[in-house]
Amino acid sequence: MKAKKIVIILIVIVLLSVTFLGINSVNTIDNLAYVVSLGFDITDSGKLELSFQIAVPAGSSGGSSGSTSSQSSSSIISSVECNTIETGINLVNSYLGKKLNLSHCKAIVFSEEIATKGIGEYLYTLINNIEIRPTCNIIISKCNAKYFLNNSKPLLEPLSSKYYEVASTSARNTGFTSDTTLQEFFSSFADSFSECFAILGGINNGGNSNSDSSATEGNDSTYTASDTPVDSQTNIETMGIAVFKEDKLVGELNGLESICHLILVNELKNATISIPSPFESTNYIDLYITKSKSKSKVYISNGTPFIKPNIKIEARIVSMSDDYKYLNKENLELIENYANNYIKSYINNYLYKTSKEFKSDVTGFGRYAVSKFLTWDKWDKYNWLDNYQNAFFDVSVDVHVKSRYLIIDT
Amino acid sequence: MNNDKIGTLEAISLVIIVIISHLILNLPNELLSSTLSAATLNVIYITGIVLLLFLFATKLFKPFKNKDILDVAEYVGGDILKKIVSTIYSLHLIFISGILIASFADTIKAIYLQNMPSELICLLFILIAVLANLFGFKSVSRTNAILMPFILITILIIFISLFTAFVPERIFPILGYGVNETFVMGASNIFAFGELLILFLIKPNLSDNKQAKKVGVSSILLSGLFLLLSVTALLLLFPFITGGEGVLSIYMITRSIHFGNFFQRVDALFILIWALTFFSYLSVVLSYILKIAKKNVVSKKSTPFIFIIAASIFIVTLIPQNISQIRFAENVIYKYSSLIVVFGLSFLILILGYFKKKKSEGLVQIDSKKINNEVSDES
């Protein structure tokens with residue numbers, strides 16, 4: 001019994017020793033540099049250029065004037081030309097004298113150029129990196145990724161990481177883009193039901209945009225990132241969705257098309273859309289979408305997909321005019337009919353654009369089609385992702401407009 | 001001997017821990033790789049098969065009250081068969097637990113302790129199991145029973161917290177690779193319940209022997225349920241897992257869990273609970289290898305065996321040189337070893353034992369009839 005006690009005490013001592021052995025090798029905050037966002041560019045020579053936006057701890061004088069660094073608010077940007085992500089990280093580690101840590105990385109930015117060539121090889125590395133969170137956002141920048149990171153100056157947030165966290169969720173209020181995470185992006189890339197899509201980003205030069213080229217019919221929702229006519233200081237903006245076919249960027253959706261996309265994938269929280277007024281052709285009525293629900297049915301007839309999305313939307317009128325009787329039942333029905341036709345036509349445009357122009361099922365109708373197949377063998381042979389370009393659509397939209405939120409009658 | 005008696009709940013916890021610990025690592029991923037989208041159907045199917053097999057085993061055990069599989073082996077083939085069977089069981093459990101600990105140590109190393117040798121992590125686990133066993137089987141089973149609700153709750157939390165992110169349509173095509181692969185070849189996935197070997201050894205430990213059936217049925221159903229939840233969560237969340245690309249599958253799920261912007265990165269909590277799970281798992285397995293060894297050499301002392309068995313497990317943890325060897329051991333060696341040892345050898349012994357017993361009872365009845373007839377003739 002005495003020997004047993006001695007053995008137990010010895011084991012406890014060994015256990016404690018083993019536990020504390022690892023302490024010397026633990027990385028503390030002094031040894032680490034936290035990356036807030038990661039940018040991917042391709043150089044003229046075809047090499048990968050990695051850019052790191054690194055948070056500067058409070059009290060540090062960040063933004064050294066080194067050849068590869070520049071200052072941006074509470075963070076510095078370091079970039080490096082390299083062959084692979086890991087070697088790039090090592091080179092920057094050596095330059096900074098600290099170990100780059102990606103566990104607080106909030107956004108991964110790919111330039112349009114690199115995305116067009118294909119980003120599959122980087123995706124596998126990123127998803128397998130234990131430090132990078134699967135909830136980190138994927139942004140496709142219309143400009144150089146390094147330039148994009150350099151211009152990400154938090155206007156209303158003190159911390160860069162917080163800024164990215166909040167900025168990506170603005171999609172919940174506007175519906176102008178999708179809050180795409182690395183996990184969602186990789187899932188769509190790897191599965192056989194759908195194609196991937198990402199947040200479309202760009203630099204707004206403070207009202208110097210070429211807005212005329214992107215806005216159609218005077219609609220305020222038909223801009224893409226970097227084209228919005230916002231007059232403010234130069235900063236990054238996210239608007240629209242970048243559409244992929246496999247791992248290659250094939251096109252982009254504007255703000256209104258993004259709303260259509262979110263309606264069809266049941267991800268729209270709230271959005272404001274303007275529809276032409278049924279009472280006066282030059283005016284618009286603003287509808288605030290409070291609820292939307294989409295159910296889709298997919299039929300395969302003679303090998304051709306026939307897709308029937310059924311959409312129900314609840315909206316309320318937020319714009320006012322002096323002579324429209326919004327509380328009038330007939331007027332409300334008129335507005336509803338107008339809204340139905342308007343939204344239906346935009347959803348049709350969105351669907352045929354993704355199907356015929358992009359040949360990319362970003363909506364993920366494949367997940368409804370797969371139920372028609374019993375085994376993977378048959379599903380693989382059918383090759384949904386290639387057959388989507390032959391799809392036909394029959395959209396039905398039912399908008400229910402409420403006007404009871406009006407404070408005074410008009 | 002009374003110190004080894006445990007209640008029904010403790011017994012159920014003992015059986016569940018040995019199955020759940022596989023579930024945390026590569027088991028759901030392996031099931032998904034072999035059956036794809038039919039994995040949920042397959043899990044329900046194999047749970048049914050294992051339940052039927054257990055009920056069959058209960059029937060075969062009926063003539064052997066308070067006896068475990070080693071006693072039946074002794075009855076069938078004498079001391080030699082008992083020694084052979086107990087050696088096979090010991091080697092099976094030592095190998096499986098060693099590989100599982102090596103796998104978990106590799107996971108911990110990849111996630112948190114990059115600079116710590118995985119051998120040292122394995123040693124830490126094994127020393128804790130040794131320490132627990134020095135305190136006796138009862139303390140191991142009670143600690144395990146305390147931990148069990150937390151372990152099961154973590155799996156439930158994983159399932160519930162990501163419920164809204166599930167895409168139900170990913171369950172299609174419902175038959176995966178096809179009927180043959182799901183129901184015929186897929187039947188071999190009963191290896192997922194390979195650690196039910198403990199059920200064949202637990203009978204002498206039960207304070208109420210009549211509860212053996214209840215313990216078996218409850219532990220199989222609960223293990224099946226949690227296996228179903230894990231496989232379903234993976235299938236509905238990560239379609240790419242079906243391509244065999246997810247290595248740390250359940251850990252990947254926990255990385256996706258967040259409660260608003262406030263509660264994020266809760267995976268560290270899960271790793272803590274899972275580390276406790278593996279401490280408990282190794283303690284339970286070590287206890288049972290000890291019991292087998294004691295029966296093998298007919299010894300009442302267990303302390304000398306603890307260190308030998310622990311050293312053997314540690315040696316097994318050193319065998320795999322890389323993650324692909326660990327995966328091979330987990331997916332191939334464990335699968336066939338479980339099918340042969342647990343579902344092959346054990347059932348063969350039980351069937352032979354059952355018929356031998358029935359035959360001997362039949363002979364006894366014939367002898368007694370003969371004696372009765374002779375007595376009546378004489379009178």
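Figures for the structure shown
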item	result
Exercise: per-residue mean of other protein chain Cβ atoms within 10 Å, B:163-173	4
Amide H partners (placed H, <5 Å) of A:Val399, local residues excluded	A:Ile313, A:Asn340
FRET E, pair B:Asn209, B:Ile273, Förster distance 41 Å, beta-carbon r, rounded to 0.05	0.80
Rounded tilt (10° steps) of B:8-24 against the dominant C-alpha axis of chain B	40 degrees
Positive-end extreme of charge dipole, the stretch B:2-378 - chosen from B:Ile190, B:Ser324, B:Leu91 (charges on Cβ)	B:Leu91
B:Lys294-B:Asn372 FRET efficiency (beta carbon distance; Förster radius 60 Å; 0.05 resolution)	0.90
Relative contact order of the stretch A:70-149, defined on C-alpha pairs under 8 angstrom at six or more residues apart (%)	33 percent
Largest-first principal axis extents of the Cα set of the protein assembly as shown (Å)	123, 67, 52
Long-range amide H partners of A:Tyr284 with built H, under 5 Å	A:Ser277
Assigned charges on the beta-carbon of Lys, Arg, Asp, Glu; the protein assembly as shown dipole about Cα centre (debye)	4240 debye
Gained length - A:Arg172 relative to A:Glu113, 0.36 nm times residue gap less alpha-carbon distance	18.4 nm
Residue (of A:Val370, B:Leu124, A:Phe393) at the positive-pole extreme of the protein assembly as shown, dipole from beta-carbon charges	B:Leu124
Number of partner chain Cβ atoms within 10 Å, mean per residue of B:118-124	2
222 nm mean residue ellipticity, helices alone, for chain B (DSSP H n ≥ 4; -39,500 (n - 2.57); rounded to 500)	-23500 deg cm²/dmol
Environment charge of B:Thr254, counting only residues whose C-beta is closer than 12 Å and scoring Lys/Arg +1, Asp/Glu -1	+2
A:Asp377 versus B:Asn322: modelled label distance in nm, points set 7 Å from Cα along the beta carbon direction	3.4 nm
Net charge of neighbours whose Cβ lies under 13 Å from the Cβ of A:Cys196, counting Lys and Arg as +1 and Asp and Glu as -1	-4
Residue mean of other protein chain beta carbons inside 10 Å, B:27-38	1
Ordering of B:202-208, B:138-144, A:380-386 by packing [mean C-beta count within 10 Å, highest first]	B:138-144, B:202-208, A:380-386
Peptides A:182-193, B:148-159 ordered by average Cβ neighbours within 10 Å, highest first	A:182-193, B:148-159
Stretchable slack from A:Glu267 to A:Tyr124, in nm (0.36 nm times residue separation minus alpha-carbon distance)	48.9 nm
Contact order relative to length of chain B, as percent, for alpha carbon pairs under 8 angstrom and 6 or more apart	39 percent
The stretch B:236-354, Cα convex hull volume normalised per residue, Å³	188 Å³
Amide proton proximity set for A:Leu32, modelled H, under 5 Å, gap of 5+	A:Lys99
Largest-first principal axis extents, alpha carbons of chain B, Å	94, 49, 34
Centroid-to-centroid separation of the stretch B:1-65 and the stretch B:260-317 [C-alpha atoms, Å]	18 Å
Table column - 3J(HN,Hα) (Hz), the stretch B:299-313, Karplus curve with 6.51, -1.76, 1.60, x for Gly and Pro	10, 9, 8, 10, 3, x, 6, 3, 5, 5, 5, 4, 5, 5, 4
Net +/- balance of residues flanking B:Leu70 in space, Cβ distance below 10 Å, scoring K and R +1, D and E -1	+2
Virtual spin-label span in nm between A:Lys153 and B:Lys138, 7 Å along Cα→Cβ	7.3 nm
Inter-probe distance in nm under a simple model that places probes 7 Å from Cα toward Cβ, at A:Thr304 and B:Ile333	5.8 nm
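Every number here is computed from the coordinates shown, using simple stated rules; none is lab data. Every value quoted in this text rests on a predicted model; they were computed, and no experiment measured them. Every residue, glycine as well, gets a Cβ built from its backbone with ideal geometry; the counts of neighbours run over all protein chains shown.
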